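The values are calculated or read from the model by the stated rules, or taken from the named source; none is laboratory data. Everything quoted here is computed from the prediction, not taken from an experiment. Cβ atoms come from the backbone with ideal geometry, glycine included; neighbour counts cover every protein chain shown. Heavy atoms of the whole protein, side chains included, go into the accessibility calculation; ligands, DNA and RNA do not. Shrake-Rupley method; radii C 1.70, N 1.55, O 1.52, S 1.80 Å.
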Amino acid sequence: NAGVMQNPRHLVRRRGQEARLRCSPMKGHSHVYWYRQLPEEGLKFMVYLQKENIIDESGMPKERFSAEFPKEGPSILRIQQVVRGDSAAYFCASSPGLAPREQFFGPGTRLTVL
Amino acid sequence: DAKTTQPNSMESNEEEPVHLPCNHSTISGTDYIHWYRQLPSQGPEYVIHGLTSNVNNRMASLAIAEDRKSSTLILHRATLRDAAVYYCILGAQGGSEKLVFGKGTKLTVNP
């Protein structure tokens, strides 16, 4: 049973470009979470999605960031017009159900904005 | 979100037990206690969770104080691979269970 897959593992963008980060949850998991870890800082929750629905986006920046988890295919975290401050590791996690079910994390996508 | 307090760092020797403490004095009756760890350059990894009773699994044991205001993660025999940042996190049952990570405890394991 494959774990949570994230791609790309490393992504380099220039300021103003768009970044698309993909997350394929574990088989049978319908809950997806995105977290961000800025350099030398802790992990911060961004958004929680179930299939076709955003459940909690309280950690998402108000502008330029969006997330989706379509009926078919991976979850996508999209960052428009990237700035240097978006450089971070972005982790996706999936869970089979509500708390206290454990979350399984992917290896992360390391975004570098030049 | 209820807060937890952990020491910034701890050190242990290989093959010795490690006790990682966590204080959560404002825990509510429905809050679970979760432990995750993050190895260098990797995503977080679930370790264990519990509500009131002590818990054991293949990775670790979780000892929960009777008043639930503190807990201790026990690694019975530390290995070099256990060197990581350990996070103690509270979460409500049935909630969205977004994980609120603090600074955690950085565990160093000496050979």
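A few remarks follow.
- Entries in A:K71/B:K3; A:K71/B:K106; A:K71/B:K103; B:K69/B:K103; A:K51/B:K106; A:K62/B:K103 that, when Cα-Cα distance is taken, lie over 30 Å: A:K71/B:K3; A:K71/B:K106; A:K71/B:K103; A:K51/B:K106
- Overall dimensions of chain B by Cα: Rg and Dmax, Å: 13.3, 42
- In this Cβ point-charge picture (+1 for Lys and Arg, -1 for Asp and Glu), region B:1-52 has a dipole of about 260 debye about its Cα centre.
- At most 13 other Cβ within 10 Å, DSSP loop - GluC sites (Glu not before Pro), region A:8-74: A:E18, A:E40, A:E41, A:E52, A:E63, A:E72
- Theoretical FRET efficiency, 1/(1+(r/R0)^6), r = Cβ-Cβ of A:V83 and A:S30, R0 45 Å, to 0.05: 0.85
- With the convex hull drawn over the C-alpha atoms of region B:12-51, the volume per residue is 111 Å³.
- Solvent-accessible area per residue for the protein assembly as shown (1.4 angstrom probe, square angstrom): 51 Å²
- Residues of region A:58-100 with amide N under 14 Å of a point placed 7 Å along Cα→Cβ from A:E41: A:59-62, A:83-91
- Shape category assigned to region B:55-111 from the gyration tensor of Cα positions, a/c cut at 1.5: prolate
- Over all pairs of different C-alpha atoms, chain A has a mean inverse distance whose reciprocal, the Kirkwood radius, equals 14.0 Å.
- Of the GluC sites (Glu not before Pro) found in region B:1-77, those that fall in a DSSP loop while having at most 15 other beta-carbon atoms within 10 Å are B:E14, B:E15, B:E66.
- Fraction of accessible area attributable to carbon and sulfur, region B:1-46 (%, probe 1.4 Å): 42 percent
- Quotient of Cα Rg and 2.2 N^0.38 Å for the protein assembly as shown, N being how many residues it contains: 1.03
- Computed over protein heavy atoms with a 1.4 Å probe, the carbon and sulfur contribution to the accessible area of region B:57-111 reaches 52%.
- Counting, for every residue in B:98-108, the Cβ atoms of other protein chains within 10 Å of its Cβ and taking the mean gives 4.
- Choice from B:R77, B:R68, B:R37 with maximal GNM fluctuation in chain B (Cα, 10 Å cutoff): B:R77
- Percentage relative contact order, chain A, counting C-alpha pairs under 8 Å, at least six apart: 37 percent
- Mean-square fluctuations from a GNM of chain A, with a 10 angstrom spring cutoff on Cα atoms, peak among A:K51, A:K71, A:K62 at A:K62.
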